[in-house]
Amino acid sequence: MDKIVALTKRRGFVYPSSSIYGGFGGFWDFGPLGVELKNQIKKLWWDTFVRNRSDMYGLDSSIILNPKVWEASGHTGPGFADPLRECKKCHHRFREEDLKKDSCPDCGGDLMSPRSFNILVKTFIGSVEDTKATAYLRGETAQGIFINFKNIFDAFHPKLPFGIAQIGKAFRNEITPGNFFFRSREFEQMEIEYFVDPTLATSEFEKWVKQVFDWFILLGLKKENLRFFKHPQEKLAHYSKATTDIEYKFPFGWSEFQGTANRGDFDLMQHSKYSGKELMYQFQDGKKIFPYVIEPSFGVERLMLALLVDAYYEDTSNKRVVLKLSPKVSPYQVAVFPLLANKPELVDKAQVVFNNLRKKYRVIFDGRGNIGKRYFAQDEIGTPYCVTVDFDTLEDNSVTVRDRDTTKQDRVSITKLDEYLNNKLF
Ligand code: GAP
């Protein structure tokens, strides 16, 4: 893990937030490569689960919602709370699962019995900071979807089953953020609420668990590093009838990075009750029901961390570190170099190749250092192909294409370069 933390900082994937002020626990800034990786994850998710399906509707709801939303959803009650034990002496709080002994890990003091602490992040709206002005940053993107159910139903009249999908920030006042950015206080979720006929909920749930798993394999995650975790009945979240997580074998142990829940009719019922608006599905014959909801929920950063861990590889024979990221997600797909940075004729030609490729691929131009160093630098950030323009290029209009994983090199005519890369990358 330390190696991944160091690499991702050094190469501009992720930085502790506000680092010049000593950081701010549980918050992270994503640098030029991190933002590319995150964008790819989100784009692929949106393409797979929204754009390429005819039963999905997209949404971008606001982050701060009417506080009643969180009352109705049960998030301001004990449901969305961490049971914590507070030290009687230093008042630090700990999760039960993080405690090795029955005393405070910081000062050795006695611990109180577990109490619930709500983890919604509070803010104030308007100029007076009193309880009436209290609002919350959303703890999950899901609620924005439920409260728009009627808007989308009225505008599009979708037939069951159908889903509403949203990508966006969520905030939780996590008591113990940590494991790099695995548990953060600000993170992004990609969530689908899939509305189904209640009698089909169990089979739709199973279908989603499988689809999600298949998508992770498609992104390049190794099967042996993934496993399912079915929540026991007594540990289900307050809204859930069934939940199956997908866990990844992180260096700090198997941990959840995606979950699919059968939320039943809990949310639509609650919001109908609290808002006085009937959030029901109406069939063409006029019959109305509360559909059940299957919710596949993904964390962008946790998926990113799993991809980075999965891809990290030390090639001892070539003395290099490689991020074997799938070209689907790697920040860059191709790097273009002039063999020598001080030969304008090579630099100009490489620029032409670069400008052509960037119309279609995610490409980076690198003219610094020697060629071997440039290859290693690209390996370390996961760029699958490096294209080098050399003196022969000026004669034969061909370039050298080097493969990240095999280090093998092919000579390819510039006129065939797009076809070559297209075959390799897609
Ligand atoms: N709407 C359901 C829901 O929010 P969750 O299991 O609490 O369920 C869903 O969160 C996903 O969001 C998790 O699988 C994880 O990927 C991500 N997530 C949750 N809390 C997180 C945190 N503190 N930091 C980073 N990601 C988090």
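The values are calculated or read from the model by the stated rules, or taken from the named source; none is laboratory data. None of these values were measured; they are calculated from a predicted model. Ideal geometry is used to build each Cβ from the backbone, glycine not excepted, and the neighbour counts take in all protein chains shown. In case anyone asks, the SASA skips ligands and DNA or RNA and just uses the protein heavy atoms, side chains included. Shrake-Rupley method; radii C 1.70, N 1.55, O 1.52, S 1.80 Å.
Mind grabbing the accessible area of K324 for me, 1.4 Å probe, Å², rounded to tens?
90 Å²
Can you flag which of K159/K277; K101/K241; K38/K249 are past 32 Å Cα-Cα?
Working: K159/K277 20 Å; K101/K241 34 Å; K38/K249 20 Å.
Cα-Cα > 32 Å for K101/K241; rest within.
With a 1.4 Å probe and all protein chains kept in place, how do D154, D110 rank by accessible area, largest first? Let's see the in-between values first.
Working: D154 80, D110 100 Å².
Sorted descending by solvent-accessible area, the residues read D110, D154.
Of the residues R320, R172, R185, which exhibits the maximal mean-square fluctuation in a Gaussian network model of the chain defined by a 10 Å Cα contact cut-off?
Most flexible of the set in this elastic network: R320.
State the number of lysine pairs found in segment 332-425 whose Cα atoms come within less than 24 Å, restricting to pairs 8 or more positions apart or on distinct chains.
17
Amide H of R183: which non-local residues (sequence gap of 5 or more, or other chain) have their own amide H closer than 5 Å, using H built in the peptide plane?
G178
Can you classify segment 333-426 as rounded, prolate or oblate using the Cα gyration tensor, where a ≥ b ≥ c are the square roots of its eigenvalues, rounded means a/c under 1.5, and otherwise it's prolate if a/b beats b/c and oblate if not?
Details: a/c = 1.44, a/b = 1.10, b/c = 1.31.
Cα axes put segment 333-426 in the rounded bin.
Would you mind classifying segment 196-238 by shape? Square roots of the alpha carbon gyration tensor eigenvalues, ordered a ≥ b ≥ c; an a/c under 1.5 is rounded, otherwise it is prolate if a/b is larger than b/c and oblate if not.
Working: a/c = 3.48, a/b = 1.45, b/c = 2.40.
Oblate, because a/c is 1.5 or more while a/b does not exceed b/c.
With a 1.4 Å probe and every protein chain kept in, tell me what percent of the accessible surface of segment 263-305 is carbon plus sulfur.
Values: 890 of 1830 Å².
Carbon and sulfur together cover 48 percent of it.
Distance from the Cα centre of segment 216-274 to that of segment 20-72, in angstrom?
That distance is 18 Å.
Leaving out ligands and nucleic acids, note down the accessible area per residue over segment 295-426 with a 1.4 angstrom probe, in whole Å².
Numbers: 5830 Å² over 132 residues.
Computed with neighbouring chains in place, this is 44 Å² per residue.
What value, in deg cm²/dmol to 500, does the helix sum -39500 (n - 2.57) over DSSP H runs of n ≥ 4 give at 222 nm once divided by the residues of the chain?
Numbers: 12 runs with 124 residues, N = 426.
Mean residue ellipticity, 222 nm, calculated: -8500 deg cm²/dmol.
Taking only protein heavy atoms into account and a 1.4 Å probe, give the accessible area per residue of segment 21-165 in Å².
Numbers: 7790 Å² over 145 residues.
Dividing the accessible area of segment 21-165 by its residue count gives 54 Å².
I'd like the Karplus ³J(HN,Hα) series for segment 97-109: coefficients 6.51, -1.76, 1.60, θ = phi - 60°, whole numbers in Hz, and an x wherever there's a Gly or Pro.
Residue by residue, segment 97-109 yields 5, 8, 8, 8, 10, 8, 9, 5, x, 8, 10, x, x Hz.
Sketch the reach of a paramagnetic label on E71 as a point 7 Å from Cα along Cα-to-Cβ, and name the residues of segment 252-293 whose backbone nitrogen lies under 20 Å away.
Correct set: 266-279.
Under a point spin-label approximation (7 Å from Cα along Cα-to-Cβ), what is the E129-D98 distance to one decimal in nm?
Simple spin-label model gives 2.6 nm for this pair.
Peptides 118-127, 348-357: what's the order by average Cβ count within 10 Å, highest mean first? Before the final figure, lay out the partial values.
Values: 118-127: 14.0, 348-357: 17.3.
For the peptides 118-127, 348-357, the packing ranking is 348-357, 118-127.
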